[in-house]
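Since the structure comes first, as structure tokens, the remarks are kept for the end.
The values are calculated or read from the model by the stated rules, or taken from the named source; none is laboratory data. Here the structure is a predicted model, which is why all the values come from computation and not from measurement. Cβ placement follows ideal geometry from the backbone for every residue including glycine, while neighbour counts extend to all protein chains displayed.
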């Protein structure tokens, strides 16, 4: 396995952020931390693509460029509009993936990525980086080869910075629901609640 240089990603949108704090089971066994970064298809990913080419050459030589072009080496750059953006569990496209290119980033279960805020202070709870948050990350490409799954490149991740925490409708997957202020206005306090609600009967107290 060849490991490429660390590189900072362009700003993107984070998905599956819970896996940054709790390692999950992998399909091929073991556990890993990680998350996914979504980029609008207009984002310049040339620097990320160059480090992928470099690490592939380190592993497989000059022929790696043609192998990447021919799909003989699985690219880490995935199409949110293609089948890769569809959930294998629900058969539906993941929220926010349409119109995006995305990369999956992983880290071994002994190496939880560091997550920091705009002031570079530690973020320790997923509530402070819900899916849909804008982030940048320090990643590195590494090669792999499986007997049945062929050859490929994946990005490792060591550091994530929250640029803007997602709130309300920005949260992917419905987490947190819509922003209350979008639908409700503050209601002035007009005194005690109706007596019916104080009995513990709740809604039943209104309807007999």
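Numbers for the structure displayed
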item	result
Filter result for the condition that a residue is under 17 Å from residue 138 (Cα atoms) and not in a helix (DSSP H, G or I), over 119, 50	119
The one condition in (1) touching a strand residue (DSSP E or B) at 6+ places or on another chain (Cβ under 7 Å); (2) surrounded by 15 or more Cβ atoms within 10 Å (Cβ to Cβ); (3) at pLDDT below 95 that residue 150 fails to fulfil	(2)
Scope region 40-59; condition crowded, with 19+ Cβ neighbours inside 10 Å and touching a helix residue (DSSP H, G or I) at 6+ places or on another chain (Cβ under 8 Å); matching residues	52, 56
Which numbered condition residue 10 fails, given (1) in contact (Cβ under 8 Å) with a residue 24 or more places away in the chain; (2) in contact with a strand residue (DSSP E or B) (Cβ under 6 Å, 6 or more places away or on another chain)	(2)
Number of the exception - residue 156 against (1) in contact with a strand residue (DSSP E or B) (Cβ under 8 Å, 6 or more places away or on another chain); (2) at pLDDT below 95; (3) crowded, with 16+ Cβ neighbours inside 10 Å	(2)
Residues of region 79-95 that turn out to be farther than 12 Å from residue 38 by Cα and touching a helix residue (DSSP H, G or I) at 6+ places or on another chain (Cβ under 7 Å), as a count	1
Residue match in region 151-165 (condition: in a loop (DSSP other than H, G, I, E, B) and in contact (Cβ under 8 Å) with a residue 60 or more places away in the chain)	no
For residue 130: the one exception among (1) more than 30 Å from residue 3 (Cβ to Cβ); (2) touching a helix residue (DSSP H, G or I) at 6+ places or on another chain (Cβ under 8 Å); (3) surrounded by fewer than 19 Cβ atoms within 10 Å (Cβ to Cβ); (4) at pLDDT 60 or above	(3)
First in region 34-46 and over 22 Å from residue 162 (Cβ atoms), second anywhere and modelled with pLDDT of 95 or more and surrounded by 20 or more Cβ atoms within 10 Å (Cβ to Cβ), Cβ under 9 Å, 6 or more apart	41/80; 41/100; 41/101
Subset of region 11-39 that is assigned to a loop (DSSP other than H, G, I, E, B) and surrounded by 15 or more Cβ atoms within 10 Å (Cβ to Cβ) - its residue that is nearest to the chain's Cα centre (by Cα)	16
From 192, 169, residue being modelled with pLDDT under 95, under 18 Å from the mean Cα position of the chain (by Cα) and either assigned to a strand (DSSP E or B) or farther than 18 Å from residue 10 by Cβ (or both)	169
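Each row is one residue, and each column tells you yes or no for (1) assigned to a loop (DSSP other than H, G, I, E, B); (2) surrounded by 15 or more Cβ atoms within 10 Å (Cβ to Cβ); (3) at pLDDT 95 or above.
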position	(1), (2), (3)
66	no, no, yes
76	yes, yes, yes
89	yes, no, no
97	yes, yes, yes
103	no, yes, yes
107	no, yes, yes
